[in-house]
1. Taking the range 38-54 on its own, how many of its residues are open to solvent by less than 60 Å² (accessible area, probe 1.4 Å) and in a helix (DSSP H, G or I)?
2. Yes or no: the range 127-136 includes at least one residue that is under 18 Å from G7 (Cα atoms), in contact with a Ser or Thr (Cβ under 6 Å, 6 or more places away or on another chain) and surrounded by 11 or more Cβ atoms within 10 Å (Cβ to Cβ).
3. If you take the residues in the range 65-85 that are outside any loop (DSSP other than H, G, I, E, B) and among the charged types (D, E, K, R), which one is surrounded by the fewest Cβ atoms within 10 Å (Cβ to Cβ)?
4. Go through the range 8-31 and report how many residues are surrounded by fewer than 20 Cβ atoms within 10 Å (Cβ to Cβ) and touching a Ser or Thr at 6+ places or on another chain (Cβ under 7 Å).
5. Read through the list (1) under 20 Å from A10 (Cα atoms); (2) of a type outside the set (D, E); (3) assigned to a helix (DSSP H, G or I), then give the number of the only condition that S57 fails.
6. Of the conditions (1) of a type outside the set (A, V, I, L, M); (2) open to solvent by less than 40 Å² (accessible area, probe 1.4 Å); (3) in contact with a Lys or Arg (Cβ under 6 Å, 6 or more places away or on another chain), Q35 clears all except one; give me its number.
7. Would you tally the residues in the range 86-123 being open to solvent by 40 Å² or more (accessible area, probe 1.4 Å), free of Cβ contacts under 8 Å to residues at least 24 places away in the same chain and part of a helix (DSSP H, G or I)?
8. I'd like to know if the range 29-37 contains one or more residues that are part of a loop (DSSP other than H, G, I, E, B) and in contact (Cβ under 8 Å) with a residue 40 or more places away in the chain.
Amino acid sequence: MRISTKGRYAVRVMLDLAVNNTGEYIKVKQIADRQGISEKYLEQIIAILNKAGFVKSTRGAQGGYRLSRDPAEYTVGQILRLTEGSLNPVPCLDSCGGEVDCLRYDTCETVEVWKQLADAINGVVDNVTIADLAEKHAKRMESMNYMI
């Protein structure tokens, strides 16, 4: 499984909004410049985050974006599922309403491996919040200041 640039950038955008939160709305250009993401692509990602209610937006001269909730309320898993869809490694684990598309599911010797892999992935991404990442960022910045 590979996370797309859209998913990775969405996590970076959410982290950027958390780290640079002053209570003011942050312009797309500022985020794009800090993150090295084109404004056009960033606007597409922000639109997804905004539609899902992860960020708030305002228009005008003081317009921009900010997080809708506390950074501790967003997990990396939530953001990735929003942008990537399922994080399951195989389609047979994505069954809706208990119906499995794979005819071999009940006799598949490998399905347990895929379930364990999915549990491991979800166990990581669902237990890391944007607040956790912001704290790591702050510690890294602090240690860099000691080196100077």
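1. Final tally of qualifying residues: 7.
2. yes
3. Checking each candidate, the answer is E73.
4. Result for the range 8-31: 1.
5. Exception for S57: condition (3).
6. (2)
7. Number of matching residues: 11.
8. There is no residue in the range 29-37 that is part of a loop (DSSP other than H, G, I, E, B) and in contact (Cβ under 8 Å) with a residue 40 or more places away in the chain.
The values are calculated or read from the model by the stated rules, or taken from the named source; none is laboratory data. Being a predicted model, the structure only gives us computed values, none of them experimental. Note that each Cβ is placed from the backbone with ideal geometry, even for glycine, and that neighbours are counted across all protein chains shown. Side chains are part of the model used for accessible areas, which takes the heavy atoms of the whole protein and leaves out ligands, DNA and RNA. Shrake-Rupley method; radii C 1.70, N 1.55, O 1.52, S 1.80 Å.
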